[in-house]
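The values are calculated or read from the model by the stated rules, or taken from the named source; none is laboratory data. Only a predicted model underlies this, so the values are computations on that prediction, with no experimental measurement involved. Counting neighbours? That spans all protein chains shown, and the Cβs are built from the backbone with ideal geometry, glycine included. We work out accessible area using only protein heavy atoms, side chains counted, and drop any ligands, DNA or RNA first. Shrake-Rupley method; radii C 1.70, N 1.55, O 1.52, S 1.80 Å.
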Amino acid sequence: MESVNLEVLQRFIRLPGILLILGIAACSLTGIQTPIAKPALTVQPAQAPTLRSLAQSRRFYIGTTVNVNALRDEAAYSATLAREFNMVTPEVSMKFSETEPQRGIFTFAQADYIVAFAQAHQMQVRGHNLVWYTDLPAWLTNGKFTRAELITMLRDHIITEVKRYRGQVNIWDVVNEAMGDGTLRDSIWLRGIGPEYIDMAFQWAREANPQARLFYNDYGGEGLGRKSDAIYALVKGMLQRGVPLDGVGLQMHISLNSYPNQKDVLANMQRLAALGLEVQITEMDVKTQDDARPMQAKLAAQAQLYGEMLQTCLSVTACTAFVMWGFTDAHSWIPAFTGRPDYPLIFDALYRPKPAYFALVQALSQSTRVGVK
Ligand code: XIL
């Protein structure tokens, strides 16, 4: 109170409340100070909360994938990342083709860079991923190997990578996208080893780092339906067999005209939680390209989807993180993947927050959750 000029305070008090609120809102939107507040108020205006600060106080993780080149080259990228998030997933730097480009020769420089950034900024790292059907090095896809050789190669790969980041990477997507539409997807691992490659991968990851939480991660099984039933049956079977599985990642690559129903996502999270599993939304983005509405309407609809998905996750204690597959429209995998421009993320290409960003702020602000870290 002492540091506030009384005259100014009196002027504030005389203002009708609505004007004051409008003024503060205008200030925070434009970053412009009101003439009234300028001369004598020495009290610093409160910093707007960030996604990170809101998540942190709820012991929740808000995350994004990281493009290592943008992190190295763009100051706005690294500044926004550190300010808004407390969890990161390397976009490609920990994948098989990046980390073992030649048999038995491991390259971790890119992954190390991201992990060092995360440590310097007190962020958790989701290791992504150890076993996948794609992004494999040519020596592996072009070679001819016996079952025993494939088992040895996969084991060496997993043990080497997980051990390297012991104490730094506490969550791993051990197996990524193993499920097709109801049955296991064809892959070098399924063909060469058999369906037991999944159990084996989790056992090796646990052996390499007994502290890490081990996830099965997939897309298209976020709500209810054939694929999510198949994933549910897969993970339930793994638990019954004593496989060290701690959680399921729901990727959530959706679009404005194709997304799972909230109630189904909630029910799916709850049934996974009932198995004793942790759940995380791991790769959310919302494509806008197939929607004919004007941009403003599209961005509002996108915001609603982001907000609802976060709200759903926050309402389930077992859902411990909400991670997006990027944060700025300047760096999204969607345009390359679809061959068309898109705006799927929560900051625009100039790092300005979009309506979706504010929907996340609102969902976090309204959550009364006090989770477990
Ligand atoms: C994508 C990356 O974003 C691309 O840069 C890369 O070329 C291919 O992989 N599901 C996943 C992610 O689990 O690893 C994928 O990432 C996107 C879909």
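Within segment 57-80, the residues that satisfy the criterion of being farther than 30 Å from Val370 by Cα and either charged (D, E, K, R) or under 16 Å from the mean Cα position of the chain (by Cα) (or both) are Asn67, Val68, Arg72, Asp73, Glu74. With respect to being open to solvent by less than 60 Å² (accessible area, probe 1.4 Å) and within 13 Å of the ligand (Cβ to nearest atom), Met123 falls outside the description. In the set (1) under 24 Å from the mean Cα position of the chain (by Cα); (2) within 22 Å of Ala70 (Cβ to Cβ), the condition left unmet by Arg164 is number (2).
For segment 280-315, the candidate set comprises residues that are among the hydrophobic types (A, V, I, L, M, F, W, C) and within 16 Å of the ligand (Cβ to nearest atom); within that set, the residue that is farthest from Thr89 (Cα to Cα) is Val286. Close Cβ contacts (under 7 Å, 6 or more residues apart or on different chains) running from residues in segment 345-370 that are more than 15 Å from Ala297 (Cα to Cα) and touching a residue at least 12 places away in the same chain (Cβ under 8 Å) to residues that are among the basic types (Lys, Arg) and open to solvent by 40 Å² or more (accessible area, probe 1.4 Å) comprise Val370/Arg59. Filtered by the rule that a residue be among the charged types (D, E, K, R), open to solvent by less than 30 Å² (accessible area, probe 1.4 Å) and in contact with a helix residue (DSSP H, G or I) (Cβ under 6 Å, 6 or more places away or on another chain), segment 288-332 gives a lone residue, Asp291. With respect to being among the aliphatic types (A, V, I, L, M) and open to solvent by less than 50 Å² (accessible area, probe 1.4 Å), Ala233 falls outside the description. Can you confirm whether segment 236-246 contains a residue that is among the acidic types (Asp, Glu) and more than 16 Å from the ligand (Cβ to nearest atom)? Looking for residues that are among the acidic types (Asp, Glu) and more than 16 Å from the ligand (Cβ to nearest atom), one finds at least one in segment 236-246, hence yes. Listed conditions (1) free of Cβ contacts under 8 Å to residues at least 40 places away in the same chain; (2) under 21 Å from the mean Cα position of the chain (by Cα) are all met by Val131, apart from (1). Scanning segment 66-87 for residues that are β-branched (Val, Ile, Thr) and crowded, with 24+ Cβ neighbours inside 10 Å turns up just one, Val66.
The set of residues in segment 348-358 that are on the phi < 0 side of the Ramachandran plot and either in a loop (DSSP other than H, G, I, E, B) or surrounded by fewer than 23 Cβ atoms within 10 Å (Cβ to Cβ) (or both) comprises Asp348, Ala349, Leu350, Arg352, Pro353, Lys354, Pro355, Tyr357, Phe358. Going residue by residue through segment 333-340, is there one that turns out to be of a type in the set (Val, Ile, Thr) and either surrounded by fewer than 23 Cβ atoms within 10 Å (Cβ to Cβ) or within 16 Å of the ligand (Cβ to nearest atom) (or both)? Yes; the residues of segment 333-340 include at least one that is of a type in the set (Val, Ile, Thr) and either surrounded by fewer than 23 Cβ atoms within 10 Å (Cβ to Cβ) or within 16 Å of the ligand (Cβ to nearest atom) (or both). If you check Ala330 against the conditions, is it without any contact (Cβ under 8 Å) to a residue 60 or more places away in the chain and either more than 27 Å from Asn170 (Cβ to Cβ) or not hydrophobic (A, V, I, L, M, F, W, C) (or both)? It is false that Ala330 is without any contact (Cβ under 8 Å) to a residue 60 or more places away in the chain and either more than 27 Å from Asn170 (Cβ to Cβ) or not hydrophobic (A, V, I, L, M, F, W, C) (or both).
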